[in-house]
């Protein structure tokens, strides 16, 4: 977008704020229909409209309920951010959905798998109509249906040591929504190489765990040891009921949002959150740095 278009769009936005935003403690709002119309009028993307609006102190109404938590600056930080999500199944589908609803501007989604019938019980992107379809592609399309101001890029590929850094380039933070330990280690190594944090999550039965690994941290090695690592864990026997990936994905998303909005205090760095919904227990373990 050139400076002339940017200036004209900014002016148009100030004449387009919603009459509903009368509270002086709240910023003026931009209604969805007007955002769509402006994108068409100026031949720009919906993301560009939202970026300019936020830069002008105008809040898209779809984020009104997030304002009290993250504010305008936080919303703008999300709109400018790129997040990589590796795995588009049980955890990844819910993670992508929530990040899109929060207004993260760009999502990179990586998964080489296709939906199967046994995914219907817990995976957000899996419906009877999407069985047999690529998970990454379906979840990316769903993200745009939720929020057309989000740019979602799908990579139908398995993450490897050879492709990880290239596929995740440009990400501010990556999310581990994988289901094998060797692949998680590859992702952690790629995040370290890119100099960005990784939010790890894992599930089995009614339990789950979350931690945040910064560059230089031992991270998953603190939990699983130096290797060699088994492909699968307790989820093979305990299964994954629907509520568990939702529960863990919500915690992973909260870590991403806090990091992107500059609220790093309280992040689960060098700490492992253990959730057990069957016992009703939540435990935090300190990990070695």
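The values are calculated or read from the model by the stated rules, or taken from the named source; none is laboratory data. As the structure is a prediction and not an experimental result, all values here were calculated from the model. Here the Cβ is made from the backbone with ideal geometry for all residues, glycine too, and neighbour counts use every protein chain on show.
Observations on the structure shown:
- Hey, residue 147 at pLDDT below 95, surrounded by 22 or more Cβ atoms within 10 Å (Cβ to Cβ) and either within 18 Å of residue 111 (Cα to Cα) or outside the structural domain of residue 49 (by TED's automatic domain parsing) (or both) or not: no
- Residue 141 being surrounded by fewer than 19 Cβ atoms within 10 Å (Cβ to Cβ), in contact (Cβ under 8 Å) with a residue 60 or more places away in the chain and under 17 Å from residue 98 (Cα atoms): no
- Residues of the stretch 268-289 that turn out to be more than 22 Å from residue 205 (Cβ to Cβ) and buried (at least 19 other Cβ atoms within 10 Å of the Cβ), as a count: 1
The rows are residues; the columns are (1) assigned to a loop (DSSP other than H, G, I, E, B); (2) touching a residue at least 40 places away in the same chain (Cβ under 8 Å).
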position: 127; (1), (2): yes, no
position: 154; (1), (2): no, yes
position: 158; (1), (2): yes, yes
position: 186; (1), (2): no, no
position: 191; (1), (2): no, no
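- Residue 63 vs. criteria modelled with pLDDT of 95 or more, more than 30 Å from residue 240 (Cα to Cα) and in contact with a strand residue (DSSP E or B) (Cβ under 8 Å, 6 or more places away or on another chain): no
- Qualifying positions in the stretch 165-182 - farther than 15 Å from residue 82 by Cβ and free of Cβ contacts under 8 Å to residues at least 60 places away in the same chain: 180, 181, 182
- Residues in the stretch 197-216 that are part of a loop (DSSP other than H, G, I, E, B) and buried (at least 22 other Cβ atoms within 10 Å of the Cβ): 197 alone.
- For the stretch 101-119, a residue qualifies if it is outside any loop (DSSP other than H, G, I, E, B) and under 11 Å from the mean Cα position of the chain (by Cα), and the qualifying residues are 101, 102, 106, 107, 108, 109.
- Residue count, the stretch 258-267 (criterion: surrounded by 21 or more Cβ atoms within 10 Å (Cβ to Cβ) and in contact with a helix residue (DSSP H, G or I) (Cβ under 6 Å, 6 or more places away or on another chain)): 1
- Residues that are touching a helix residue (DSSP H, G or I) at 6+ places or on another chain (Cβ under 8 Å) and part of a loop (DSSP other than H, G, I, E, B), drawn from the stretch 160-184: 160, 161, 169, 171, 172, 177, 178, 179
- Residue in the stretch 170-183 that is surrounded by the most Cβ atoms within 10 Å (Cβ to Cβ), counting only those that are modelled with pLDDT of 95 or more and under 14 Å from residue 89 (Cβ atoms): 177
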